[in-house]
């Protein structure tokens with residue numbers, strides 16, 4: 001299945017489009033300690049638009065609930081649009097919660113939406129399941145690239161090894177995509193969230209691997 005579908009999928013990603021979704025930022029400053037900025041997506045398919053925005057607002061609601069329950073004393077949210085074409089819009093929701101202590105916890109959630117249905121597209125649509133062992137082997141062989149959140153390459157440190165492969169990802173264009181790993185997964189807290197970049201060639205390799 002992957003051998004047949006992936007070349008078509010990657011070809012679609014490379015197409016330049018005229019019909020782009022309109023993304024509007026909305027900011028809710030509930031208290032001085034909670035400011036949430038999130039995207040509102042205006043899409044040609046109104047039903048898909050509603051589904052995407054409802055899913056995004058679910059993250060907003062969860063953060064509000066955490067604050068209202070007193071589980072955090074400071075909360076923030078922002079976002080970044082990473083990629084868009086005729087079929088997909090891909091973004092990162094960036095959240096921060098501080099519960100006390102030395103520092104808060106920044107997290108990044110990769111979201112890829114179908115512009116036709118509004119539903120999130122799971123990583124398995126583009127990549128067959130891969131073990132953490134194979135992922136690390138790919139990094140060590142330079143087939144895959146481990147980077148910081150600014151996409152600057154970093155060295156793999158065996159001291160920081162995640163237990164599972166992240167399901168958070170975003171599209172980069174030209175058939176490539178990046179998996180998002182939270183702080184402490186592949187690097188110390190100071191590095192922040194890290195990425196594992198799959199080029200089109202790397203994705204084809206793992207999807208065609210027996």
The strands (runs of 3 or more DSSP E) lying entirely within the range 128-189 that contain at least 3 residues which are at pLDDT below 95 and either over 16 Å from residue 203 (Cβ atoms) or in the same structural domain as residue 84 (by TED's automatic domain parsing) (or both) are none
Take the conditions at pLDDT 95 or above and more than 30 Å from residue 46 (Cβ to Cβ) and apply them to residue 121. Does it pass?
no
In the range 160-181, the residues that are over 19 Å from residue 134 (Cα atoms), surrounded by 15 or more Cβ atoms within 10 Å (Cβ to Cβ) and in contact with a strand residue (DSSP E or B) (Cβ under 8 Å, 6 or more places away or on another chain)
170, 171, 172
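Here is a yes/no grid of residues against (1) within 19 Å of residue 96 (Cα to Cα); (2) touching a helix residue (DSSP H, G or I) at 6+ places or on another chain (Cβ under 6 Å):
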site	(1), (2)
118	no, yes
161	no, no
175	no, yes
193	yes, no
Which of the residues that make up the range 135-159 are more than 20 Å from residue 110 (Cβ to Cβ) and touching a helix residue (DSSP H, G or I) at 6+ places or on another chain (Cβ under 8 Å)?
143, 156
Please work out if residue 138 is within 30 Å of residue 46 (Cβ to Cβ) and either touching a residue at least 40 places away in the same chain (Cβ under 8 Å) or surrounded by 16 or more Cβ atoms within 10 Å (Cβ to Cβ) (or both).
no
Tally the residues that are touching a residue at least 40 places away in the same chain (Cβ under 8 Å) and either surrounded by fewer than 19 Cβ atoms within 10 Å (Cβ to Cβ) or more than 17 Å from residue 94 (Cα to Cα) (or both), restricting the search to the range 45-55.
7
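The values are calculated or read from the model by the stated rules, or taken from the named source; none is laboratory data. Just so it is clear, the structure is predicted and the values come from calculations on it, not from any experiment. Ideal geometry is used to build each Cβ from the backbone, glycine not excepted, and the neighbour counts take in all protein chains shown.
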